[in-house]
Amino acid sequence: MPELPEVETVRRGLEQHLVGRQIVRVEVGRERVVRRTSPEALIAGLSGTTVVAAQRRGKYLLLPLDSGDTMMIHLRMSGQVLLAAGGAARPPHTHVVMYLDDGSEAWFVDPRTFGEVVVFDPDRVDVELPPVAQLGVDPIAESFERADLRRIIRSTSRALKPLLLDQQVIAGIGNIYADEILHRSRLRPDRSASTVDSRATNRLHEAIIDILTSAIEVGGSTLGDAQYVDLMGESGSYQDDHRVYGRAGERCLTCGRGWIRRTVSGGRSTHWCGVCQS
Ligand SMILES: [Zn+2]
């Protein structure tokens, strides 16, 4: 599932290729991707508008339009935004086609159709898109200092893994990067935030910034079971740097002594080393 680094990679592609383009015409296939509104609302909201910026908050792509509205794209499990030459053969599960004024096309492709595309009024975001209005701080797009994380850690006794995954606290971190960040910080996923001292909080802060930034630099992570690719269809390569995610049963690359454990809670798997994480 695309997380902050993958969505940021897509955002950069959109900034380069979609900003300044006019969306001439729109086709909607599967209605599920526009379930928040309707195909008619998406077509009316996008047709004839020009994309003026490409922004991101957490895992949400936000594309302000010259109409004053904003297009939101959420990739969810398997969504892709692809740019293609006009008339190019479309992959299966292409649910939205945007015809652009230079003859190219932007596609929203999503085999599992959990993703969505919607046009909303940013002044009414709390009513029209509550999950976006309720997002916590984005550690890459916004200012996120050590003191900000210290405030978060001090405010709760929740376990670190669910805390990192809570989009209303910190926006953009999902299952893969939470595991990698906690491993780098040498903190157990089930460790209570109330037991994390300021030195460990600083390690956690550094790991959040470093890991997300490094992953963005190489285009994010593309895993075997997911279809994440960038705007041009290219895979990321940060999966090669994963030290715990997807390595259950392997010897820990960091300490060389522990074995990577995989525990499942609430339908999510957690990967960690019992020797170097405490
Ligand atoms: Zn270890």
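The values are calculated or read from the model by the stated rules, or taken from the named source; none is laboratory data. Because the structure is a prediction, the values reported are computed rather than measured. Cβ coordinates were reconstructed from backbone atoms using ideal geometry, including for glycine residues, and neighbour counts include every protein chain displayed. These accessible areas exclude ligands, DNA and RNA; they are computed on the full protein's heavy atoms, side chains included. Shrake-Rupley method; radii C 1.70, N 1.55, O 1.52, S 1.80 Å.
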Let a ≥ b ≥ c be the square roots of the eigenvalues of the Cα gyration tensor of region 8-156; is it rounded (a/c under 1.5), or, if not, prolate (a/b larger than b/c) or oblate?
-> prolate
How many angstrom lie between the C-alpha centres of region 22-86 and region 105-171?
-> 18 Å
When the accessible area of region 22-126 is split by element with a 1.4 Å probe, what percent falls to carbon and sulfur?
-> 50 percent
0 to 90° range, to nearest 10: angle between helix 175-184 axis and the chain longest Cα axis = 40 degrees
Please determine, in degrees from 0 to 90 and to the nearest 10, the orientation of helix 198-217 with respect to the longest principal axis defined by the Cα atoms of the chain, where the helix direction is its Cα long axis.
-> 40 degrees
Fully extended contour minus Cα-Cα distance, from Thr213 to Gln168, at 0.36 nm per residue | 14.1 nm
If one takes the longest principal axis of the Cα atoms in the chain, at what angle in degrees, from 0 to 90 and to the nearest 10, does the Cα axis of helix 4-17 lie?
-> 30 degrees
Within region 177-195, the residues whose backbone N lies under 20 Å from a label point placed 7 Å from the Cα of Val275 along the Cα-to-Cβ direction are 180-190
Loop-resident GluC sites (Glu not before Pro) in region 126-215 with no more than 12 other Cβ atoms inside 10 Å, DSSP not H/G/I/E/B, are Glu142, Glu145
Within region 146-273, what percent of beta bridges assigned by DSSP are antiparallel, to the nearest 5?
-> 100 percent
State, to one decimal in nm, how far the label point of Thr37 lies from the label point of Ser67, with both points 7 Å from Cα in the Cβ direction.
-> 0.6 nm
Residue-normalised value, i.e. accessible area per residue, for the chain at 1.4 Å probe, in Å², stands at 44 Å²
Which residue fluctuates the most in the chain, going by a Gaussian network model with Cα springs under 10 Å, if the choices are Ala215, Ala41, Ala88?
-> Ala88
Computed lengthening from Val264 to Arg76, 0.36 nm per intervening residue step minus Cα-Cα distance | 65.6 nm
Hey, what did the chain get for relative contact order, percent, Cα under 8 Å, at least 6 apart?
-> 18 percent
